[in-house]
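Asks: Could you have a look at this structure, given as structure tokens, before my questions?
The values are calculated or read from the model by the stated rules, or taken from the named source; none is laboratory data. As the structure is a prediction and not an experimental result, all values here were calculated from the model. Glycine gets a Cβ as well: all are built from the backbone with ideal geometry, and neighbour counts include every protein chain shown.
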């Protein structure tokens, strides 16, 4: 018989107050990172289309690093393989924390953003392949990624009054999306696999894992092991950013009950490395990767008429919203869940369109699919930039209108009548979860 003691599950319900505070802190850092990312991309575009474009390309192709270790790489490769490993390390920490100690440890709450992320990967890929069937099919994964920093920067500008549940949903969707992207990179964009370096990478990874499991925080022990893991994964032919995710997953989230030394190790590393990821790694990657010589209107038209570019734009602008929204609707349909009180499906539609902002990881996959320096790579960059801009503008139109609607709700979420620094609505959430038969 059905269990009537359990409440009807809700989509995008309010999370716990500690999680809302943590997400707000993450969003502040990622929003600043998004502004810096956009600044880096703008500088790259202006520089690459200026009379000094030769200097820009010479800088990106400058080779540095120890040749004896086969790490004499161009600066653009260091940005893509090295700096983005930090980005994926933070994404791994965030995702593990959400599912181990965050609100998403409840499978019913986790199902929605996970399903939305999966739908947001499958449908854009299908859209791309429909346009490029028999052609440039190897670029199918380019429109599957959502850029965390870029999307959250847009949301911060146009949606300051939107409910916290919507911002949490977008952040979780983007992080899961990044994990799916790294799996795609590892499986489909590893051209030559060297087994011995890959097996050797397990040694420093195991040592790193053993130390962090013992709550060791000494950088002089952990950083050399992390670098050794990264360099061996790089030597194996698997994209080196995979090492970042593996290292992030190795870090424990929970703190033993007898340990009163402060936050858990995952939270400690996240506080340390998120500013580096959002404020340094991603903006520098944008500076080295977004610079493409457009060549005026004729060059823009030529680039956007490339079937690969058309497939990317269709995937980002059409495929992403359809994939995210349809997956969310299916979850609601089969679990009989309802949108939380005060929210509407138009809110989901706005977030689904915003998920089409694919920048950092889309550029990375474009480089892996078509090769750095190829003619089609420039077309891919123009398509990713154009598609992301259109998605951001369309989402802004929807979310700005909804933002005005939610101004009163934001005021309600800040009411604290008993002076305990926890808004009353979140105390009600906690009481509801603690009632017998709930959750």
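Asks: Which numbered condition in (1) more than 21 Å from residue 322 (Cβ to Cβ); (2) in a helix (DSSP H, G or I) is the only one that residue 184 fails?
Replies: Looking at each condition in turn, residue 184 falls short on (1).
Asks: Looking at 303, 257, which is the one that is under 27 Å from residue 126 (Cα atoms) and at pLDDT below 95?
Replies: 303
Asks: Being surrounded by 13 or more Cβ atoms within 10 Å (Cβ to Cβ) and either modelled with pLDDT under 90 or closer than 23 Å to residue 95 by Cβ (or both) is the filter here, so list the residues in segment 184-206 that pass it.
Replies: Once the filter is applied, which keeps residues that are surrounded by 13 or more Cβ atoms within 10 Å (Cβ to Cβ) and either modelled with pLDDT under 90 or closer than 23 Å to residue 95 by Cβ (or both), segment 184-206 yields 184, 185, 186, 188, 189, 190, 198, 201, 202, 204, 205, 206.
Asks: When only residues in segment 222-235 that are modelled with pLDDT of 95 or more and surrounded by fewer than 19 Cβ atoms within 10 Å (Cβ to Cβ) count, which is farthest from residue 265 (Cα to Cα)?
Replies: Taking the candidates together, the pick is 228.
Asks: Which of the residues belonging to segment 118-145 are outside any helix (DSSP H, G or I), surrounded by fewer than 16 Cβ atoms within 10 Å (Cβ to Cβ) and touching a residue at least 60 places away in the same chain (Cβ under 8 Å)?
Replies: Of everything in segment 118-145, just one residue is outside any helix (DSSP H, G or I), surrounded by fewer than 16 Cβ atoms within 10 Å (Cβ to Cβ) and touching a residue at least 60 places away in the same chain (Cβ under 8 Å), namely 135.
Asks: Turning to a different aspect of this structure: In segment 367-381, what residues are crowded, with 21+ Cβ neighbours inside 10 Å and either farther than 22 Å from residue 78 by Cβ or touching a strand residue (DSSP E or B) at 6+ places or on another chain (Cβ under 7 Å) (or both)?
Replies: Once the filter is applied, which keeps residues that are crowded, with 21+ Cβ neighbours inside 10 Å and either farther than 22 Å from residue 78 by Cβ or touching a strand residue (DSSP E or B) at 6+ places or on another chain (Cβ under 7 Å) (or both), segment 367-381 yields only 379.
Asks: Scan segment 187-228 for residues that are in contact (Cβ under 8 Å) with a residue 12 or more places away in the chain, in a loop (DSSP other than H, G, I, E, B) and either touching a strand residue (DSSP E or B) at 6+ places or on another chain (Cβ under 9 Å) or at negative phi (or both) and report the count.
Replies: The qualifying residues number 7.
Asks: Could you check segment 152-183 and list, in sequence order, the residues that are touching a helix residue (DSSP H, G or I) at 6+ places or on another chain (Cβ under 6 Å) and surrounded by fewer than 18 Cβ atoms within 10 Å (Cβ to Cβ)?
Replies: 161
Asks: Answer yes or no: is there a residue in segment 300-313 that is under 27 Å from residue 400 (Cα atoms) and either assigned to a helix (DSSP H, G or I) or in contact (Cβ under 8 Å) with a residue 24 or more places away in the chain (or both).
Replies: yes
Residue-by-condition table, conditions (1) part of a loop (DSSP other than H, G, I, E, B); (2) in contact (Cβ under 8 Å) with a residue 24 or more places away in the chain:
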site	(1), (2)
239	yes, yes
243	no, yes
247	no, yes
254	yes, yes
283	no, yes
298	no, no
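Asks: Can you give me the number of residues within segment 326-375 that are within 20 Å of the chain's Cα centre (by Cα) and closer than 22 Å to residue 386 by Cβ?
Replies: 21
Asks: Consider residue 311 carefully, then state whether it is over 26 Å from the mean Cα position of the chain (by Cα) and modelled with pLDDT of 85 or more. If you could, list the steps in order and put the result at the bottom.
Replies: Numbers: over 26 Å from the mean Cα position of the chain (by Cα): no; modelled with pLDDT of 85 or more: yes.
No, not satisfied.
Asks: State all residues of segment 342-366 that are touching a residue at least 60 places away in the same chain (Cβ under 8 Å) and surrounded by fewer than 21 Cβ atoms within 10 Å (Cβ to Cβ); if no residue qualifies, say none.
Replies: 342
Asks: Of the numbered conditions (1) modelled with pLDDT under 75; (2) under 17 Å from residue 289 (Cα atoms), residue 45 satisfies every one except a single condition; which is it?
Replies: Condition (1) is where residue 45 drops out.
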